[in-house]
Amino acid sequence: RCGSPPTTTTTTTLRMAEGGGGGGVSMPGMPGEKMSKEEDDEVQWDLFKRHHAKGSWRGTWTSYDYMGDVVDSTIASVNLNLDDEAKSAEHSHTFVTSSKVSDCQTCFDSTETKTLPVATYTPGDLRKARYASVASVTGPSLLRSGAMSTELALTHGDGRVRVTFQHAPVWEKGIEPGSCPPQGLKLFRTTVSREALRPGPPTAESEASNPPPRGDPKFFRPIPPFFWHKKWAGTSWTWGPSTGDRGWRIEEMDEMDAWHGRPTGDHMGVWSMRLPGGILVQCPRVFTGGEAGLCRLAWLPEDDAPPGTAEDGDPARLLRAEASVLALEPVIDEEEDLLLGFYPPSLGSLRCDVLRKVGELEDASMLKKLMEMDKDDAVAPVKEAAPQVPQPPPQPSAPAPAAAKGSAPSSEGVTKKEGGDKGEEPDSGLDAIRRSLKF
């Protein structure tokens, strides 16, 4: 399950939005009607040509281990070249095997490369690849080593981000590996590549000397964490085996669907990594049978256009890809009740969101919320009373002379109490109670 589109309106087509993005390919058929295989093959081929088969994608392939440490880095290119009639495409990889840097101004640097063919694609035969708007997923595929590979990619302008997740078989603690079928597939390597249709792989130095124009991504730029928390709107392309391709228009995104704002994922079973340049990747730490896992890629390819420029007013972009993967589905002999093996891993769903910033979130600042909480919980200051000086104890007085018989008592030395006259106690209601008890 790839997640339900929030507050959406279904559409029959997804047309390219102003400035790129949206897919640019019409989906034939009526709303809610699944396309035929011929129509689906045509749409997939058009998406492949429009967003991917555009030449040599040069970049640096950086591999990370389970702890997020860099274990390898390779300069290479993914070559996707169409023939003259655009009826087939050749896929190959070119690796830099060695390079020499010249130390004089009149000489040139030299590199030695090696090209390896991968596959040939034709309409209706894109192997394990699936396309949705500007996103693609290749796999899940089983490698010769027994590991499972799943690749996600997002394109924008002359650049794209590609990430490959590799999960290997694992067993529970205390069980000898290989003594029984694997009990899970654990992530052991993630490869992220920033690629562009440029003379060389994008680097911080090349982008500083030759800044990309508006519409092309700038990979090496600072992205504050709060840039992810905005109001986003746009289009969404979803695919499922039973529903086929669907188009949605996202007018408002609720908090549950804004997974790009939760860098550590939705639960402890998510492996995630946020990289410079506005890249976020997420995938399951371990795949187990009977449960689908979500592989995700989010990318901020462009910020708001600088004020005062010709592009002033062009908002920031957010691209998201999400693929649901099923693995370790058991094949059981019902008669003998035995586990015969596992079905090959399969793609459960695919979703691509092409979004633009439409405003700022209200009450999104945690600092502001904390300040308001402190303000609500604050106790009003109490005005302190002046300290009282202790009075000396009263001195004993001489006994008053006895009053003469029949004379009125003197009022001196008699203290009147509040609520009564002539030194009487205030009426507390006791007399009324006594009178009532006499009856």
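All of the numbers you see were taken from the coordinates with simple rules; none came from a lab. Note that the structure is predicted; figures quoted are calculated from it, not measured. Here the Cβ positions follow ideal geometry from the backbone for every residue, glycine too, while neighbour counts run over all protein chains shown.
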Per 0.36 nm of contour for each residue apart, how much would the distance between Met35 and Glu255 grow if the chain were fully extended, relative to their Cα-Cα spacing? 76.0 nm
Measuring from its Cα centre, region 171-307 shows a charge dipole (+1 at each Lys and Arg Cβ, -1 at each Asp and Glu Cβ) which, in debye to the nearest 20, is 300
Return the long-range amide H neighbours of Trp271 (sequence gap of 5 or more, or a different chain), with a cut-off of under 5 Å between placed amide H atoms. Cys283, Arg285
Which order do peptides 41-54, 179-192 fall in by mean Cβ count within 10 Å, highest first? 41-54, 179-192
What percentage of all Cα-Cα pairs in region 151-260 are separated by more than 21 Å? 64
Quick one: 3J(HN,Hα) in Hz for region 343-351, Karplus 6.51/-1.76/1.60 with θ = phi - 60°, rounded, Gly and Pro as x. 5, x, x, 9, 8, x, 6, 9, 9
Checking the a/c ratio against 1.5 first, then a/b against b/c, what shape does the Cα gyration tensor give for region 193-316? prolate
